[in-house]
Amino acid sequence: MTTAASAFDSLPHLQRLRTQGYTIIEDFLSADDLAAVRAGLAPFLQQYAGRNNFEGFQTERVYTLVARGAIFERITEDARVLALLDALLQPGYLLTASQAINIGPGETPQPIHFDDQFYTIPRPRPAISVSTIVAVDAFTAANGGTELLPGSHGWSDAEIAGIYDGHDADAAVREDLERQLVPTEMPAGACVVFLGTLLHRGGGNHSGAPRLAFSNQYCEPWARTQENYFLGVPPERVRAMSPRLQQLLGYHIWPPFMGHVTAHHPLKTLEGGWVNPLV
């Protein structure tokens, strides 16, 4: 990842993000990176199926991926992604979600949604989160490649009325929106980056093989994260992570004092001999 990152030009990607709501980094992972991702995921797959139509009954998900191996730590703080986030979000932005998604044969399409819709601030508005999806298997129109609706990141609440609202994953699909979806077709190792306001869905898998991918999502430093990493990642694991990754997990302060631990900086809790003042 180092060579590609050093030659990365963020400006064309930022232009596409602002106009169409998404962009693709074609050469995001090398063959060695992909092999490391597959090896890192192998112990956790074939354990849990989705619990509803949104997660997907034929879809496996591995949550808190950032803490499941060194390869996932490195990808979470990839310099190319951070360069885009630096331009799109405020300093101190957080990792809000980190998961692998393995869409099995026979899976139906997800409900159309946008990733930061649980922040109930009227649209149109700036995105509060930014999502990445990395193809471990190549994405095609047939195997469940993510389907995007270009330009919808700028739409109003009225224009998106009737889409999945986080409650009824079996609600009727708006056919006019469904007709505008564009399948993401990209090779293994590519990464699609899109704004949290962009309408999209996981596609149906009509092929005979699963489609493996993983997604890291990032949000503004003042927003509540989807995953609670303070409880989900053991402190001893966090201590061994880079300072940048610790910050992404929330071990820092959003000025002037948001995130403090009984008036202490949260990094203090990772120091040896830390004793909670309430104990």
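Things to note:
- Matching residues, the range 90-102, being open to solvent by 10 Å² or more (accessible area, probe 1.4 Å) and either of a type in the set (A, V, I, L, M) or more than 13 Å from the chain's Cα centre (by Cα) (or both): Q90, P91, G92, L94, I101, N102
- Some residue of the range 164-185 being modelled with pLDDT of 95 or more and within 29 Å of R68 (Cα to Cα): yes
- The set of residues in the range 86-127 being outside any loop (DSSP other than H, G, I, E, B), touching a residue at least 60 places away in the same chain (Cβ under 8 Å) and more than 22 Å from F44 (Cβ to Cβ) consists of A87, L88, L94, H113.
- Cβ-Cβ contacts under 6 Å between residues 6 or more apart (or on different chains), taken from a first residue in the range 170-186 that is more than 16 Å from H200 (Cβ to Cβ) to a second residue that is surrounded by 15 or more Cβ atoms within 10 Å (Cβ to Cβ), are listed as D170/N53.
- Scanning the range 25-60 for residues that are open to solvent by less than 30 Å² (accessible area, probe 1.4 Å), at pLDDT 95 or above and either farther than 23 Å from G203 by Cβ or not in a helix (DSSP H, G or I) (or both) gives I25, F28, L29, D33, G40.
- Filter result for the condition that a residue is in contact (Cβ under 8 Å) with a residue 24 or more places away in the chain and small (G, A, S), over A35, A83, A42: A83
- Only listed residue being assigned to a loop (DSSP other than H, G, I, E, B) and surrounded by fewer than 21 Cβ atoms within 10 Å (Cβ to Cβ), chosen from S207, S215: S207
- Pair list, Cβ under 9 Å, 6 or more apart: the range 264-279 residue in contact (Cβ under 8 Å) with a residue 24 or more places away in the chain, other residue outside any helix (DSSP H, G or I) and hydroxyl-bearing (S, T, Y): T269/Y251; L270/Y251
- Test: residue in the range 133-144 that is open to solvent by less than 30 Å² (accessible area, probe 1.4 Å), in contact with a strand residue (DSSP E or B) (Cβ under 9 Å, 6 or more places away or on another chain) and at pLDDT below 95: yes
- Per the listing Y22, Y63, the residue uniquely farther than 21 Å from A142 by Cβ, open to solvent by 10 Å² or more (accessible area, probe 1.4 Å) and in contact (Cβ under 8 Å) with a residue 60 or more places away in the chain is Y63.
- Tally, over the range 128-151, of residues that are in contact with an Asp or Glu (Cβ under 8 Å, 6 or more places away or on another chain) and either of a type in the set (K, R) or not in a loop (DSSP other than H, G, I, E, B) (or both): 4
- Among the candidates H167, H153, residue that is farther than 22 Å from C191 by Cα, open to solvent by 20 Å² or more (accessible area, probe 1.4 Å) and under 21 Å from the mean Cα position of the chain (by Cα): H167
- Residue match in the range 223-233 (condition: open to solvent by less than 10 Å² (accessible area, probe 1.4 Å), touching a residue at least 40 places away in the same chain (Cβ under 8 Å) and over 30 Å from E178 (Cβ atoms)): yes
- Put simply, of R80, R74 the only residue that is part of a helix (DSSP H, G or I) and open to solvent by less than 40 Å² (accessible area, probe 1.4 Å) is R80.
- Just one of the listed residues (T96, T64, T76) is of a type in the set (V, I, T) and more than 21 Å from L29 (Cα to Cα), namely T96.
The values are calculated or read from the model by the stated rules, or taken from the named source; none is laboratory data. Fair warning: this is a prediction, and the values are worked out from it, not measured in the lab. Using ideal geometry, Cβ is built from the backbone for each residue, glycine included, and neighbour counts are taken over all protein chains shown. These accessible areas exclude ligands, DNA and RNA; they are computed on the full protein's heavy atoms, side chains included. Shrake-Rupley method; radii C 1.70, N 1.55, O 1.52, S 1.80 Å.
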